[in-house]
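For reference, the structure discussed in these notes is given below.
The values are calculated or read from the model by the stated rules, or taken from the named source; none is laboratory data. Note that the coordinates shown come from a computational prediction; the quantities given were computed from them, not determined experimentally. Here the Cβ is made from the backbone with ideal geometry for all residues, glycine too, and neighbour counts use every protein chain on show. These area figures cover heavy atoms from the full protein model, side chains too; ligands, DNA and RNA do not enter into them. Shrake-Rupley method; radii C 1.70, N 1.55, O 1.52, S 1.80 Å.
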Amino acid sequence: MNERQKEILFNRSVIQKRVQELADQISGDYTDGELIIVGILKGAFIFMADLIRAISIPCSVDFVRCASYGTGSESSGKIVMTKDIETSIKGRDVLIVEDIVDTGLTLKYLVGWLKERNPHSLKVCALIDKRRKRKVSFEADYVGFTVADGFLVGYGLDFNECYRFLPEIYVIKQL
Ligand code: 5GP
């Protein structure tokens, strides 16, 4: 592995505390019926696993995968769905769980895609809101941490498929 210099941004206890706060907020906001949680592969898988175990309301899970056909740290901006959900969301409460909102293009596209299936409600929970490179206006309903910029890895986030396994979130010092 081509090891990069990186420094810790959020440690395990900070992440765990924030995930529990988000879960409490979400549990309080959905009081009737089952929530369908749609995770965006691959980056959100660890966050989603922790979040659903901290949520105190019944939920089911599904996944989508979106490719933007970028390499390294740059996304191409053109979003393509490479895996769709397998559950009917018509009339249901749906929460999209994403790792990072950066340009906003992925979530804007995905929200539009899922809205066409007529869910009862559709909200977004993002672990990290990275605000500096926003290209389209997009605000997540629930945000774990807000950062200005920087390329983050760990806790599910990769750089060329490395670092997903790290339990903390790091910022890469030099790409
Ligand atoms: P957006 O469409 O909002 O520009 O990009 C969202 C996707 O870009 C995220 O789901 C994530 O896969 C990727 N991304 C954006 N910033 C970072 C980052 O700092 N680290 C990693 N690992 N992925 C990022």
Answer in debye to the nearest 20: the dipole magnitude of the chain about its Cα centre, from +1 Lys/Arg and -1 Asp/Glu charges placed on Cβ, is 500
Note to self: with every protein chain in place and a 1.4 Å probe, the range 25-175 gives an accessible area per residue in Å² of 47
Where a ≥ b ≥ c are root eigenvalues of the Cα gyration tensor, a/c under 1.5 meaning rounded, otherwise prolate if a/b exceeds b/c and oblate otherwise, the range 106-149 counts as oblate
Any lysines whose Cα falls less than 18 Å from that of Lys90, other than same-chain ones fewer than 8 residues away, would be Lys115, Lys123
per DSSP, antiparallel bridges as share of beta bridges in the chain, % nearest 5, sits at 35
Protection proxy (average C-beta count within 10 Å per residue), highest first, orders 160-169, 35-44 as 35-44, 160-169
Over 26 Å (Cα to Cα) among Lys108/Lys133; Lys133/Lys173; Lys83/Lys173; Lys42/Lys133 -> Lys83/Lys173
Shape call for the range 11-137, from the Cα gyration tensor axes a ≥ b ≥ c (a/c under 1.5 means rounded, otherwise prolate when a/b beats b/c, else oblate), comes out oblate
Once Lys and Arg are counted +1 and Asp and Glu -1 for all other residues with Cβ under 12 Å from that of Arg134, the total becomes +2
Summing -39500 (n - 2.57) over every DSSP H run of at least 4 residues in the chain and dividing by its residue count gives a helix-only mean residue ellipticity at 222 nm, to the nearest 500 deg cm²/dmol, of -7000 deg cm²/dmol
Between the Cα axis of helix 105-115 and the main Cα principal axis of the chain, the angle (0 to 90°, nearest 10) is 10
Under the Karplus relation with 6.51, -1.76 and 1.60 and θ = phi - 60°, whole-Hz ³J(HN,Hα) for the range 143-157, x at Gly and Pro, equal 10, x, 9, 10, 10, 7, 7, x, 9, 9, 9, x, 6, x, 8
